[in-house]
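I have placed the structure first, in the form of structure tokens, so that the comments after it can refer back to it.
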Amino acid sequence: MASMTTWEIVCNLFEGFYQNGLIFILTLIMAIPLGLVITFGSMSNFTPIKILPKFQPIKWVSKTFVWIIRGTPLMLQLFVVMYAPGMLFDIPIKSRMTAVLIAFVINYAAYFSEIYRGGIESIAKGQYEAGQVLGMTKSQVFFKVILFQVIKRITPPMSNEIITLVKDTSLARIVGIAEIIMSAERFTKSGLIWPLFSTGIYFLLFNGILTLLFGYIEKKMSYYN
Amino acid sequence: MSVLKIENIHKRFGKTEVLKGVTFEMNKGEVVAILGSSGSGKTTLLRCINFLEKADAGKIYVEGVPVFDAQSKAKISAGQIRKNQLNFGLVFQSFNLFPQYNVLDNVMLAPKLMAKERKDYKANKSEILAEIKKDAIEMLTRVGLEEKLQNYPCELSGGQQQRVSIARALVLKPKVLFFDEPTSALDPELTGEILKVIKNLAMNKTTMIIVTHEIEFAKNVADRIIFMDDGVIAEDGTPEEVIDNPKNNRTRAFLNKFNELR
């Protein structure tokens, strides 16, 4: 291992970072819509939406779920998803990646759902009423009038959360995914310390690109206020 | 036959009874102004008629057809609710334009969504959309905003925004157009342009109910004035009857207060 050239080490770290990127993108794709479902649960008795039936237990279940997920460490959740099915129900999770994705998607969906809820509740009641008196259906009001305004408002907090997700992907190492930090640590065992420190550059570059992207999106939506 | 008939509307919020049995009817082409001090139930009445609040008791008829009955247990379909809703148009105190759409799109949004439900929509799509656009531009021209079609609401003055919202309501051709204190959120120098638009509509025999604090304007534009006090109609008559010769003590007190302020 000590005989690897610098370039080979960089490439090796890049392979590790591919795992981080994979967790990141798959979590995002699944957690964004799942978060909306949880939001509709938490807001099931919020009159302007009522996409789910007005049924207290739904709200109660969603709120408890969000409380548990936000109230415990993601690292612990990773352990639970990885080992609990095998130990409690004798159905071990076969793929480590699946376990990681389940834990990440659930965790981030809970956070996203609270951001969505804040965004939806911040839209003035008058917007719903204007839609109603113009003869729009509830779903037309939501999708044609409310949703875009919500997206504009939640872009800054979502950017924040998504950037946190990039860094959180390195937690996957605790269940044995060879992500970038785990890959770099192997070099420290043979006395090579710089690869570990250099991992910061990968994160910085990736988050730099995301920051530019979010800045662009915010600017695109700033044609009105 | 009356275009709108309200029968014994009651509404309470918690322990406060805001409407204590309001009954009136109005004819096509009539302009009714509703006056009354804050808390007298004017806005709540408007909101009940426009289905933004559900009245606890009472009935509403449009051209003799019942559109609301608080006692009725029968389920009304979503389609029927919308059909009932479209009998009326409502202009809000705070405009409530959709900020992400430009002026023209604000006016066209509802007609476009409605057109999608037409059976011939797919076949005649381009003609239908052209028709909607023509109507929208015509309405915006009527309120003097033909130059502002592509502007966003945030680029307009309050008076211009309110005129967009009037055009947005008019384009759906409501049988009765309601105004909820349309000038209360505006600077005094901007109220004039709204009052001019409303006056113009009155001359064109648009059926309207206007909740307002502009007594002088109400006197000029309305065929009939309803004075509300403590959740009931205290006085109902021509402007001359209600404003110049009020019979009711509360009406007199209210008008005196206004005259003192001037």
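The values are calculated or read from the model by the stated rules, or taken from the named source; none is laboratory data. Owing to the predicted nature of the structure, the values given are computational and were not obtained by experimental measurement. Ideal geometry is used to build each Cβ from the backbone, glycine not excepted, and the neighbour counts take in all protein chains shown. These area figures cover heavy atoms from the full protein model, side chains too; ligands, DNA and RNA do not enter into them. Shrake-Rupley method; radii C 1.70, N 1.55, O 1.52, S 1.80 Å.
Tabulated data for the structure shown
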| quantity | calculated |
| --- | --- |
| Residue match in the stretch B:175-182 (condition: of a type outside the set (Lys, Arg) and out of contact with any strand residue (DSSP E or B) (no Cβ under 6 Å at 6 or more places or on another chain)) | no |
| Residue ranges of helices (runs of 4 or more DSSP H) in the stretch A:55-155 with at least 2 members in contact with a helix residue (DSSP H, G or I) (Cβ under 8 Å, 6 or more places away or on another chain), of a type in the set (D, E, K, R) and farther than 30 Å from B:GLY89 by Cα | A:56-71, A:96-121 |
| Positions within the stretch B:90-104 being open to solvent by less than 20 Å² (accessible area, probe 1.4 Å) and either more than 7 Å from chain A (Cβ to nearest Cβ) or in contact with a His (Cβ under 6 Å, 6 or more places away or on another chain) (or both), in sequence order | B:VAL91, B:LEU97, B:ASN102, B:VAL103, B:LEU104 |
| Flag if A:SER62 is within 14 Å of chain B (Cβ to nearest Cβ) and among the small types (Gly, Ala, Ser) | no |
| Qualifying residues in the stretch A:169-181 (those that are buried (at least 20 other Cβ atoms within 10 Å of the Cβ) and in a helix (DSSP H, G or I)) - the one nearest to the other protein chains (Cβ to nearest Cβ) | A:THR169 |
| Test: residue in the stretch B:30-49 that is in contact with a strand residue (DSSP E or B) (Cβ under 9 Å, 6 or more places away or on another chain), part of a loop (DSSP other than H, G, I, E, B), within 14 Å of chain A (Cβ to nearest Cβ) and closer than 16 Å to B:GLN93 by Cβ | no |
| Residues of the stretch B:139-152 classified as open to solvent by less than 20 Å² (accessible area, probe 1.4 Å) and either in a helix (DSSP H, G or I) or basic (Lys, Arg) (or both), total | 1 |
| All positions within the stretch B:113-129 that are surrounded by 13 or more Cβ atoms within 10 Å (Cβ to Cβ), within 14 Å of another protein chain (Cβ to nearest Cβ) and farther than 20 Å from B:VAL91 by Cβ | B:ALA115 |
| Failed item in (1) hydrophobic (A, V, I, L, M, F, W, C); (2) modelled with pLDDT under 95; (3) more than 18 Å from A:TYR108 (Cβ to Cβ), with A:LEU204 passing the rest | (2) |
| The stretch B:80-89 - residue that is more than 9 Å from every other protein chain (Cβ to nearest Cβ) and not in a loop (DSSP other than H, G, I, E, B) and, of those, surrounded by the fewest Cβ atoms within 10 Å (Cβ to Cβ) | B:GLN80 |
| Any hit, the stretch A:100-122, residues being within 14 Å of chain B (Cβ to nearest Cβ), in contact (Cβ under 8 Å) with a residue 12 or more places away in the chain and surrounded by fewer than 17 Cβ atoms within 10 Å (Cβ to Cβ) | yes |
| Failed condition for A:PRO73, given (1) surrounded by 12 or more Cβ atoms within 10 Å (Cβ to Cβ); (2) under 22 Å from the mean Cα position of the chain (by Cα) | (1) |
| Of all residues making up the stretch A:123-146, the number that are open to solvent by 10 Å² or more (accessible area, probe 1.4 Å), within 9 Å of chain B (Cβ to nearest Cβ) and within 26 Å of the chain's Cα centre (by Cα) | 1 |
| The one condition in (1) open to solvent by 40 Å² or more (accessible area, probe 1.4 Å); (2) within 20 Å of the chain's Cα centre (by Cα); (3) facing another protein chain (nearest Cβ under 9 Å) that B:TYR61 fails to fulfil | (3) |
| Cross-chain or 6+ apart pairs with Cβ under 7 Å, the stretch A:166-188 first and in contact (Cβ under 8 Å) with a residue 12 or more places away in the chain, then of a type in the set (Lys, Arg) and part of a helix (DSSP H, G or I) | A:VAL175/A:ARG96; A:GLY176/A:ARG96; A:ILE177/A:ARG96; A:GLU179/A:ARG173; A:ILE181/A:ARG173; A:MET182/A:ARG173 |
| Number of the condition not met by A:VAL105 [criteria: (1) closer than 23 Å to A:GLY41 by Cα; (2) modelled with pLDDT under 95] | (2) |
| Selection status of B:ILE132, open to solvent by 80 Å² or more (accessible area, probe 1.4 Å) and among the β-branched types (Val, Ile, Thr) | no |
| Filter result for the condition that a residue is surrounded by fewer than 16 Cβ atoms within 10 Å (Cβ to Cβ), farther than 21 Å from A:GLY119 by Cα and hydrophobic (A, V, I, L, M, F, W, C), over A:PHE197, A:PHE187 | A:PHE197 |
| Residue check, B:GLU147 within 22 Å of B:GLY192 (Cα to Cα) and free of Cβ contacts under 8 Å to residues at least 12 places away in the same chain | yes |
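Here's the yes/no breakdown for (1) surrounded by fewer than 20 Cβ atoms within 10 Å (Cβ to Cβ); (2) more than 16 Å from the chain's Cα centre (by Cα); (3) more than 13 Å from every other protein chain (Cβ to nearest Cβ):
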position: B:CYS154; (1), (2), (3): yes, yes, no
position: B:SER157; (1), (2), (3): yes, yes, yes
position: B:ARG163; (1), (2), (3): no, no, yes
position: B:ILE166; (1), (2), (3): no, no, no
position: B:LEU170; (1), (2), (3): no, no, no
position: B:PRO174; (1), (2), (3): no, no, no
position: B:PRO188; (1), (2), (3): yes, yes, yes
position: B:THR191; (1), (2), (3): no, yes, yes
